[in-house]
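These notes concern the structure reproduced below.
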């Protein structure tokens, strides 16, 4: 089925048989009391609750149309496996790794495989037919099987929702563009970290350079 989605800078035609929804980093770490962002005093509950509620609507709409849903999840193994080590800029800049160095008592508890902090929030739990990809970089394409998974399912169009608009969402969306996928940012289904103007900056980047931008209402109406 083909649908026309109102978007900026122009409407985009999606073949729903070749479309996937990418749900980025909707983890307890970033969204919930007791998670890493709460521990560090960075949790914005108003924003994360809003994003969760909007994402529920988008995910439900995609499930109702049997469109593929792929979850991305920041993940480190025990002893920070996958971090890249001191020779990697990721080791020095990624927020979870920085937090665990600054708070040694939390090593192995933030974004670590099989911990509560690492899990997808209960409201958006993946279902058996969904795919989950663990990643250790801001982009879901780096050191993962994401590109192979998308090619296996003959996917060409990607809709993006989740956290954080200006970090992992934008990083993965840019790489999608470079991997020859058509990226669609669902702007109100994402939340930024940092000043509010960075949300606008990502929307500008995508609209002007890297893809298309729509809203939850316009996307769901198009699917229906």
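Every number here is computed from the coordinates shown, using simple stated rules; none is lab data. Given the structure is predicted, the values throughout are model-derived calculations rather than measurements. Ideal geometry is used to build each Cβ from the backbone, glycine not excepted, and the neighbour counts take in all protein chains shown.
Could you tell me what fraction of 2.2 N^0.38 Å the Cα radius of gyration of segment 166-224 comes to, as a two-decimal ratio?
Computed over Cα atoms of segment 166-224, the ratio equals 1.11.
Dividing the convex hull volume of the Cα atoms of the chain by its residue count, what figure in Å³ per residue is obtained?
115
Quick check: the angle from helix 45-64's long axis to the longest principal axis of the chain, C-alpha only, nearest 10 degrees?
Relative to the chain, helix 45-64 is tipped by roughly 40 degrees.
Determine, for each peptide in 103-110, 34-41, the mean count of other beta carbons within 10 angstrom over its residues, then list the peptides with the highest first. List each step's numbers first, then the result.
Working: 103-110: 15.1, 34-41: 17.6.
Ranked by mean Cβ neighbours within 10 Å, highest first: 34-41, 103-110.
Given the rule -39500 (n - 2.57) for each run of at least 4 DSSP H residues, summed and divided by the residues of the chain, what is its mean residue ellipticity at 222 nm, to the nearest 500 deg cm²/dmol?
-9000 deg cm²/dmol
Once you keep just the Cα pairs under 8 angstrom separated by 6 or more residues, what percentage relative contact order results for segment 2-223?
About 27 percent, as a whole number.
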